[in-house]
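The block underneath contains the structure these notes are about, expressed in structure tokens.
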Amino acid sequence: MLAMKILISLQLLGLTLLCVGIFHCQAWPRYTFVVEETPCRRLCSTKNILTVNGQFPGPTLYARTGDTIIVDVYNKGNRNITIHWHGAKQPRNPWSDGPDYITQCPIQPGGKFTQTIIFSSEEGTLWWHAHSEWDRATVHGAIVIYPKKGATYPFPKPHAEFPIILGEWWKEDIGQLYNETIQSGGDPNISSAFLINGQPGDLYPCSKPDTVKLMVDYGKTYLLRLINSAVQEILFFSIANHKVTVVGSDASYTKPFSSDYVTISPGQTIDLLFTADQSPNHYYIAAKAYVGGAGIVYDNTTTTAILQYNGNYTSTSTPSLPNLPSHNDTKASVHFTGSLRSLADKNHPVDVPRNITTPLLYTLSVNTLPCLNNSCAGPNGTRLSASVNNISFVDPSIDILQAYYYHVNGAFGTRFPNFPPFLFNFTAQDLPLYLQTPKQGTEVKILEYNATVEIVFQGTNLVAGDDHPMHLHGFSFYVVGWGLGNFDEDKDPLKYNLVDPPLQNTIAVPVNGWTAIRFKADNPGVWFMHCHLDRHMSWGMDVTFIVKNGKGLGAQILAPPPGMPPC
């Protein structure tokens, strides 16, 4: 292993001069991110958290469609870190994508990594976050991508816009929580609070003075850039007495539709318009957990901000709360998600793959692994695990991208199955215990360049059925179908939406249900796919794709930049 690491270091050094011309020949906008410990007081107590530039949430990045930006990331914190630019497709540039041990080794304390973020067709709201352990709980921020100069929104320009970042807060250190969870083999402790723009809101102790306020003028229309950065929960969101109009999701425009509430998965972004058309007063903006799985313990608190009208008026003593769906209202969750449609007009055409060359069926399961003397905190003394097609992903010791690019043998296998190895009634109430134990391994799925891919995600009821917000790096995908229960390969494709399906990078597969996505594998490189509930990702609900190079330089991975973090 030492010889392999030395070889890679020498190869990176030898390529430095070649890379300079590729990555630094233009005057691109440049940002500096300093990851550092910062004292932060919430819920009556203070703890140190990792932040970027001392801010929580971190700084917002601004770009236009087609821009490239540079971010110099300095790790002055106390543990390894990586940064992922969630939803940026990064054409031919997986080197700056960020997931640790997939496209890079982590930036060690005292280290630096200059990342190049290439935007292509994305337009709207994305976000960035740590992609190592669970540090994205505090290391995250918004990305705003405006239309190209001279272009406009496909809706009337709002009077102003607000980023709204939903999050979670634990009184204990998030690194300690991660380590305790991994060591115990059980579920993590539930969060102590949910957050709106870093603040719990005045329903929590010691939080009223810092409650976030959005100041609005009567009659004006505003754009909310909603981001769910929560580590473990899907959330319901609403504004008391105000409807919102959905106009975008995951940096892609949607057909506008009006709603009283929003369902938003961890990793997902949703752009919302609302008009301040109610009697001038104070109104709660609120969010709480949606948890569809039976028997799952969750944080049942509600975070709030205040929508406050400008002007002279006498406000009521207590703002009114919105009517959010109940915590386990799966019907409300899937109704909202199933209402998303691509804008699909002449300026925003839809290109859904029709002739599928690579059909895949991926089961998503919570599993268990045996523990010596039944000493773990999972069911019956087992260790909780998770899998895709019964394979629980294991991180390699060197990142997969470097191993692939430099032809390092033994770092990963290439036999990830296209279909589940066991066929059974995936959503039955009682399933045999032997199905709960997955295989463990570092297997990747190889895709041919320009392959047209359909993945049907099938949730299972092993151990505990749950929703699974699946995120694919390097691509956006069309969500062509979904349903509850088991996927029917004969009947369900007949109901696919191939006209205006939403284009997303994160989609919640409903509890004990299925979701079908399609994309074209036209981005060569190594790309991660995982559940964005971080406990499931850490337990192994992950797949790594390798998309082969195509013909011509424009269809091949860019050379690695100088200064890749060492393993």
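Computed values, structure above
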read-out	value
Odd one out for residue 342 among (1) in contact with a helix residue (DSSP H, G or I) (Cβ under 7 Å, 6 or more places away or on another chain); (2) open to solvent by less than 50 Å² (accessible area, probe 1.4 Å)	(1)
Flag for residue 209 being more than 21 Å from the chain's Cα centre (by Cα) and open to solvent by 50 Å² or more (accessible area, probe 1.4 Å)	yes
Number of positions in region 395-433 that are touching an Asp or Glu at 6+ places or on another chain (Cβ under 9 Å) and either without any contact (Cβ under 8 Å) to a residue 60 or more places away in the chain or open to solvent by 50 Å² or more (accessible area, probe 1.4 Å) (or both)	6
Cβ pairs under 8 Å, 6+ apart, first in region 145-172 and farther than 22 Å from residue 39 by Cα and at pLDDT 95 or above, second open to solvent by less than 30 Å² (accessible area, probe 1.4 Å) and basic (Lys, Arg)	161/225; 162/225; 163/225; 164/225
Hey, residue 500 farther than 30 Å from residue 230 by Cα and either open to solvent by 10 Å² or more (accessible area, probe 1.4 Å) or outside any strand (DSSP E or B) (or both) or not	no
Filtered residue count, region 42-59, keeping only those that are free of Cβ contacts under 8 Å to residues at least 60 places away in the same chain and within 20 Å of residue 204 (Cβ to Cβ)	1
Near pairs, Cβ below 9 angstrom, 6+ apart or cross-chain, from region 92-112 (more than 20 Å from residue 449 (Cβ to Cβ)) to any residue that is of a type in the set (Lys, Arg)	106/79; 108/79; 109/76; 109/79; 110/76
Residue check, residue 299 closer than 29 Å to residue 120 by Cα, modelled with pLDDT of 95 or more and open to solvent by less than 30 Å² (accessible area, probe 1.4 Å)	no
Every residue from region 135-191 that is outside any loop (DSSP other than H, G, I, E, B), β-branched (Val, Ile, Thr) and in contact with a strand residue (DSSP E or B) (Cβ under 7 Å, 6 or more places away or on another chain)	143, 144, 145, 164, 165
Residue match in region 464-479 (condition: open to solvent by 30 Å² or more (accessible area, probe 1.4 Å), hydrophobic (A, V, I, L, M, F, W, C) and part of a strand (DSSP E or B))	no
Near pairs, Cβ below 9 angstrom, 6+ apart or cross-chain, from region 461-477 (on the phi < 0 side of the Ramachandran plot) to any residue that is at pLDDT below 95 and among the acidic types (Asp, Glu)	461/430
Test: residue in region 319-331 that is modelled with pLDDT under 95 and part of a strand (DSSP E or B)	yes
Residues of region 171-189 classified as open to solvent by 10 Å² or more (accessible area, probe 1.4 Å) and under 26 Å from residue 227 (Cα atoms), total	9
Looking only at region 78-106, and only at residues there that are open to solvent by less than 10 Å² (accessible area, probe 1.4 Å) and of a type in the set (S, T, N, Q), the one that is nearest to residue 527 (Cα to Cα)	103
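The values are calculated or read from the model by the stated rules, or taken from the named source; none is laboratory data. Remember, predicted model here, so these are calculated numbers, not experimental data. Virtual Cβ from ideal backbone geometry, glycine too; neighbours counted across all protein chains shown. The accessibility values were calculated without ligands, DNA or RNA, using every heavy atom of the protein model including side chains. Shrake-Rupley method; radii C 1.70, N 1.55, O 1.52, S 1.80 Å.
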